[in-house]
Amino acid sequence: MTKEFIVFSEKPGLRAELIANALQLATSEQALVAAAVIGDQSAIEQAFAQGAQKVYSLGEQADGQLLDDYVPTLITFLKEKQPALMLIGATRQGKAIAGRLGAALGISVITDAKEFNQHDQALEITHLIFGGGAVRVEKANTATTILTQGASVVEAVPEKSGASGEIEKVSFVEPNRKATLVERKAKPPASVNLSVAKSVVCAGRGIGKKEDLEMVFELASLLNGEVAATRPLTEGLDWLPRERYIGVSGATVKPDLYLSLGVSGQAQHTVGITESRVIVAIDKDKDAPIIPQSDYFIIGDLYEVVPALIAALQARK
Ligand SMILES: Cc1cc2nc3c(=O)[nH]c(=O)nc-3n(C[C@H](O)[C@H](O)[C@H](O)COP(=O)(O)OP(=O)(O)OC[C@H]3O[C@@H](n4cnc5c(N)ncnc54)[C@H](O)[C@@H]3O)c2cc1C
């Protein structure tokens, strides 16, 4: 029987990247890369154009139907097909689905895969842990392995329009308990995109009061940069919108300059700043974890250092 690698994502762009990754391994393993697709004929055609060699059509998603409703269908489908690999897009919904499939079927689920290779008859997977702060290499020990993979891990191959292949229909299995969609609300447009900022001035809990953020904004403006924060300032104190916090559960930045003001440098925060070109920390504690992680630091009270920096930058204008 031909070995199958099946990819699944509700995001067509991410599905293209999963297909590209699966195709790389499939060549040496003589496996077939199939896509499980929810959508109409054009979605199926797109999966073929993205490189899928076969499509399992799960039908069209009805208005108000949640992706979650497809879990019983996917469980039945995986039991029947037993693919060597099920590669799922690591979106919020994709990760939840992967976990539910793994639990229902007793299958290994390995999250945030970066690379996978066949090694000694087993699939060896390099994946990110601690929110991307480290990598771990693991071997799957079940006949089918479920992997989740995020965006931008591999490049999608250019789409080949007109590509086609076998389409197999998968019957929908009605879930026993259905969640009901009550309302959809548009997210307010983001006011900042930290991921493209060239300078980032990051406020931490060393900032004592909300009004003091004024000097942080002034410093950021003199540096032509954006203001960011640690999570407590956004989720606990609500001083700034959530889109401004950096870290494992927030944004990842890669500026030329990341300047922290009263940020201790816990791993949950610093995983989001590792690609900064220069890290500068201002903290009154010489033992704060941010200090050894920075290129330059000033040990001192930010309430003295920041006004002095602002004055110096203004004097240069
Ligand atoms: C599951 C989980 C996920 C998390 N995700 C994130 C995340 O994505 N992003 C994130 O940021 N955090 C996250 N956190 C929280 C994280 O663990 C830290 O608690 C948080 O980053 C600390 O914020 P901070 O550095 O501002 O505050 P603190 O750790 O309290 O540090 C304050 C710093 O300010 C210094 N300071 C105080 N006063 C002054 C002064 N006057 N002048 C100079 N320095 C001064 C202190 O010496 C200290 O170093 C997460 C936590 C958990 C459990």
**Report entry** the stretch 193-274: trypsin sites (Lys or Arg not before Pro) in DSSP loop, at most 16 other beta carbons within 10 Å
**Finding:** Lys198, Arg205, Lys209
Query - Alpha-carbon Rg/Rh ratio, for the stretch 203-317, with Rh computed the Kirkwood way - result: 0.93
**Report entry** Per DSSP, loop GluC sites (Glu not before Pro) in the stretch 155-244 with at most 16 further Cβ within 10 Å
**Finding:** Glu155, Glu159, Glu183
Requested in this report: May I ask for the distance between the Cα centers of the stretch 22-84 and the stretch 250-284, given as a whole number of Å?
Outcome: 40 Å
Requested in this report: Please list the non-local residues whose amide H lies under 5 Å from the amide H of Val7, H modeled 1.01 Å from N, same-chain partners needing a gap of 5 or more.
Outcome: Ala34, Ala35, Ala36, Leu87
Query raised in the report: In whole angstrom, how long is each semi-axis of the equivalent ellipsoid of the stretch 79-143, when you take the square root of 5 times every eigenvalue of its Cα gyration tensor and sort them from largest down?
Result: 19, 17, 9
**Report entry** Accessible area per residue, Å², the chain with all protein chains present, probe 1.4 Å
**Finding:** 53 Å²
Report summary line: On the accessible surface of the chain, probed at 1.4 Å with all protein chains in place, carbon and sulfur together account for a percent value of 49 percent
Report task. With +1 on each Lys and Arg Cβ and -1 on each Asp and Glu Cβ, and nothing else charged, work out how big the dipole of the stretch 81-200 is about its Cα centre, in Debye to the nearest 20. Result -> 640 debye
Report summary line: Taking Lys and Arg as +1 and Asp and Glu as -1, residues besides Gly64 with C-beta under 11 Å from its C-beta add up to -1
Query - Electrostatic dipole magnitude of the chain [Cβ: Lys, Arg +1; Asp, Glu -1; Cα centre; debye, to 20] - result: 220 debye
Requested in this report: Report, in deg cm²/dmol and to the nearest 500, the calculated mean residue ellipticity at 222 nm for the chain, where each DSSP H run with n ≥ 4 adds -39500 (n - 2.57) and the sum is divided by the residue count.
Outcome: -8000 deg cm²/dmol
Query - Added length on full extension, which subtracts the Cα-Cα distance from 0.36 nm per residue, Glu155 to Ile310 - result: 51.5 nm
Report summary line: If every Lys and Arg gets +1 and every Asp and Glu gets -1 at its Cβ, then about the Cα centre the stretch 143-252 yields a dipole, in debye to the nearest 20, of 280 debye
Report summary line: At q = 0.24, 0.30 Å⁻¹, the log10 of I(q)/I(0) for the stretch 120-163 from a Debye sum over equal Cα scatterers comes to -0.96, -1.15
Report summary line: Taking the reciprocal of mean 1/r across every pair of different Cα atoms in the chain, the Kirkwood radius in Å is 22.2 Å
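The values are calculated or read from the model by the stated rules, or taken from the named source; none is laboratory data. What you see is a predicted model; the values in this text were computed from it and never measured. For neighbour counting, all protein chains shown are included, and Cβ atoms are generated from backbone atoms with ideal geometry for every residue, glycine included. Surface areas here come from the heavy atoms of the whole protein model, side chains and all, with no ligands, DNA or RNA. Shrake-Rupley method; radii C 1.70, N 1.55, O 1.52, S 1.80 Å.
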